[in-house]
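The values are calculated or read from the model by the stated rules, or taken from the named source; none is laboratory data. Note that the coordinates shown come from a computational prediction; the quantities given were computed from them, not determined experimentally. Cβ placement follows ideal geometry from the backbone for every residue including glycine, while neighbour counts extend to all protein chains displayed. Keep in mind that these areas ignore ligands, DNA and RNA; they rest on the heavy atoms of the full protein, side chains included. Shrake-Rupley method; radii C 1.70, N 1.55, O 1.52, S 1.80 Å.
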Amino acid sequence: MSDLFLGAPQQEHHEAPPPSRRSRRDSHEQRIKQRKHRRRRTFVVLLLALVLVGGAGFVVWSVFGGLFSGSGGEETVQDYPGPGSGEAQVVVASGDTGGAIGQTLVDAGVVATTQAFTSAYAANPAATGIQPGTYTLQLEMKASDAVNALLDPANRVSNRVTIPEGYTAQQIYQRVYEVTGITVEDLQAAAADPAAIGLPAEAGGNVEGWLFPATYEVEPGSSAASVLTQMVGRTTALLTSKGVAQDQWETVLNKASIVEREGKLDEDRAKMARAIQNRLDIEMPLQIDAINAYGLGIPGTELTYADTSQAQPPYNPYNSYKLAGLPPTPIANPGEVSIDAVLNPADGPWLFWVTVNLDTGETKFAETYDEHKENEAQLREWQAANG
């Protein structure tokens, strides 16, 4: 009956029970964790992308940055347009490369960048000829103009000292002082320290004869020792180049100094060197006024008979009338022509010479004393005719 009234039996529906509060909370926390994980992963990807882009940008700027000027920001100057203004002194040291010179110029405000200078240096074939020294340049120069300025000797700041042949050491000190301001006392002190100026042992500690006559560029701030070192170095280099044995250096310079002081014309110097050697070979006193005058510290024109005719020893070691052989030291600083004359003396029997015309320098040589007296008579005639 109950089935009749209630109808046919139906399939039962069993609905899932509603989730508990704990399970709903766990599910919510899991979704939050997933969202956080996705956000972290996105952040890491973005960060890596930014690092890669920034690194690439840095590389590009490092390589090509010189080709660009900043957009919207302060412009980076790679090379000044020139011509420049003002003044700066820069020093190019011996052995400086183009890069080293460029850095010096950048530090002094002469050029904008080392790169600009090295590019201009490489583009100028003459740039390798830039000499060491101190230069006066303008500030903010175009790099190529700076290279050209360094090649122009007119921009080099130096004191040019010319030492004539036949000057004594004291005369050289005075000349150097007049041109550079380096005091005679400083030069004498430097000369007293042979090791400091490269003076060879053969010189016996005396610079006379070793200060080569030439023109020297003396940079601002140079020391007395550096100046004398240049001169001594030129002498030793010349003797070495001519194949002179080192134990003969002092002897060659000694003879050459006499030839230098006595010779008036270059063509006579080789004959004079032979006459000196002929006297030395027979142990005949040289009897040369220039030697005596040097020993007394006076000009040859002031030499008197009393100066040369000491009655008895001890004689002045430079008295060439009383003592045979070469003087104790050279009496001047000889030039290359006189050195060559000593190394290659002319062939001949001469023992005497005398300049018979003081205007032209005409000099006559003789083998005998009688011939020499005749030549001296010609000198007296010239003197009488010329007051």
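Structural remarks
- For segment 343-367, the set of residues classified as open to solvent by less than 40 Å² (accessible area, probe 1.4 Å), over 13 Å from N278 (Cα atoms) and over 43 Å from the mean Cα position of the chain (by Cα) consists of V354, V356, N357, listed by residue number.
- From S119, S62, S69, S85, residue being more than 22 Å from the chain's Cα centre (by Cα) and either modelled with pLDDT of 95 or more or surrounded by 15 or more Cβ atoms within 10 Å (Cβ to Cβ) (or both): S119
- A256 open to solvent by less than 50 Å² (accessible area, probe 1.4 Å) and either part of a helix (DSSP H, G or I) or touching a residue at least 24 places away in the same chain (Cβ under 8 Å) (or both): yes
- Considering (1) of a type outside the set (F, W, Y); (2) out of contact with any helix residue (DSSP H, G or I) (no Cβ under 8 Å at 6 or more places or on another chain); (3) part of a loop (DSSP other than H, G, I, E, B); (4) within 18 Å of S158 (Cβ to Cβ), the lone condition that K264 does not fulfil carries the number (4).
- Pair list, Cβ < 8 Å and 6+ apart or interchain, from segment 372-387 residues that are more than 22 Å from A275 (Cα to Cα) to residues that are surrounded by 12 or more Cβ atoms within 10 Å (Cβ to Cβ) and among the aliphatic types (A, V, I, L, M): W382/V356; W382/L358; Q383/L358; N386/L358
- Selection count where residues are part of a helix (DSSP H, G or I) and buried (at least 21 other Cβ atoms within 10 Å of the Cβ), scope segment 103-116: 2
- Residues satisfying the stated conditions in segment 171-180, i.e. in contact (Cβ under 8 Å) with a residue 12 or more places away in the chain and open to solvent by 30 Å² or more (accessible area, probe 1.4 Å): R175, V179, T180
For every residue, the table says whether it meets (1) within 19 Å of P317 (Cα to Cα); (2) open to solvent by 60 Å² or more (accessible area, probe 1.4 Å); (3) of a type in the set (A, V, I, L, M).
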{"residue": "T183", "(1), (2), (3)": "no, no, no"}
{"residue": "D193", "(1), (2), (3)": "no, yes, no"}
{"residue": "E208", "(1), (2), (3)": "yes, no, no"}
{"residue": "F212", "(1), (2), (3)": "no, no, no"}
{"residue": "T229", "(1), (2), (3)": "no, no, no"}
{"residue": "A245", "(1), (2), (3)": "no, no, yes"}
{"residue": "K264", "(1), (2), (3)": "no, yes, no"}
{"residue": "E283", "(1), (2), (3)": "yes, yes, no"}
{"residue": "G295", "(1), (2), (3)": "yes, no, no"}
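- Residue that is of a type in the set (F, W, Y) and assigned to a loop (DSSP other than H, G, I, E, B), where the choices are Y294, Y321: Y321
- If only residues of segment 297-317 that are over 22 Å from V259 (Cα atoms) and surrounded by 13 or more Cβ atoms within 10 Å (Cβ to Cβ) are counted, the one that is modelled with the highest pLDDT is Y315.
- Matching residues, segment 368-382, being open to solvent by less than 100 Å² (accessible area, probe 1.4 Å) and more than 49 Å from the chain's Cα centre (by Cα): T368, E371, H372, K373, N375, E376, A377, Q378, W382
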